[in-house]
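Engineer: Here you go, one structure.
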Amino acid sequence: MTVFRWLIADGFIPSTSQGQLESHESLCIVNPHSNDASVQIKVFFEDRDPIEGIAVVCPSGRTRHIRVDTLTGSDGRTVPRGVPYAMELTCPLEVGVQLSRLDSTQSQLALMTVSGVRVST
């Protein structure tokens, strides 16, 4: 069975916010296929073991926008704020993957977005 793989190397959820908008990151998945897409996510860190066992489903012909701080691994851990991380996503369907960051640590908001890099498995 073919499995597609994407990497997002620069993740970081700011630990502070100013104003009404909360700093956060969102993982965006688009599934143009006629079947639901089962996506497995693994989160890597510089100084600790990866978070594994994160599974999300993106329904057929739909998008999923998931706050990264709500992803929970099989061991109950979540992605902490203020800690650099990276993600690997795997899926048997070729879906679109994007990460967006809203940084509201200053009154001048910053919005960053990056597409996941598809790599060979």
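The values are calculated or read from the model by the stated rules, or taken from the named source; none is laboratory data. All values derive from a computational prediction rather than experimental measurement. We place every Cβ from the backbone using ideal geometry, glycine too, and count neighbours over all the protein chains shown.
Engineer: Regarding D49, is this residue surrounded by fewer than 18 Cβ atoms within 10 Å (Cβ to Cβ), acidic (D, E) and touching a His at 6+ places or on another chain (Cβ under 8 Å)?
Structural biologist: No.
Engineer: Step by step: first the residues of region 6-46, then only those that are acidic (D, E) and within 13 Å of the chain's Cα centre (by Cα), then the one that is surrounded by the most Cβ atoms within 10 Å (Cβ to Cβ). Which residue is that?
Structural biologist: Ranking the qualifying residues of region 6-46, first place goes to E25.
Engineer: Turning to a different aspect of this structure: If V3 satisfies every condition in (1) surrounded by 14 or more Cβ atoms within 10 Å (Cβ to Cβ); (2) farther than 15 Å from P80 by Cα; (3) over 10 Å from the mean Cα position of the chain (by Cα) but one, which is the exception?
Structural biologist: Evaluating V3 over (1) surrounded by 14 or more Cβ atoms within 10 Å (Cβ to Cβ); (2) farther than 15 Å from P80 by Cα; (3) over 10 Å from the mean Cα position of the chain (by Cα) leaves (1) as the failure.
Engineer: Another question, then. State yes or no: is R101 among the charged types (D, E, K, R) and assigned to a strand (DSSP E or B)?
Structural biologist: Yes.
Engineer: State which residue pairs qualify: first residue among the small types (G, A, S) and inside region 1-18, second residue modelled with pLDDT under 75 and surrounded by 13 or more Cβ atoms within 10 Å (Cβ to Cβ) in any location, beta carbons under 8 Å apart, and separation of 6 or more residues or different chains.
Structural biologist: Partner pairs satisfying both residue conditions: S15/S23; S17/S23; S17/S104; S17/T105.
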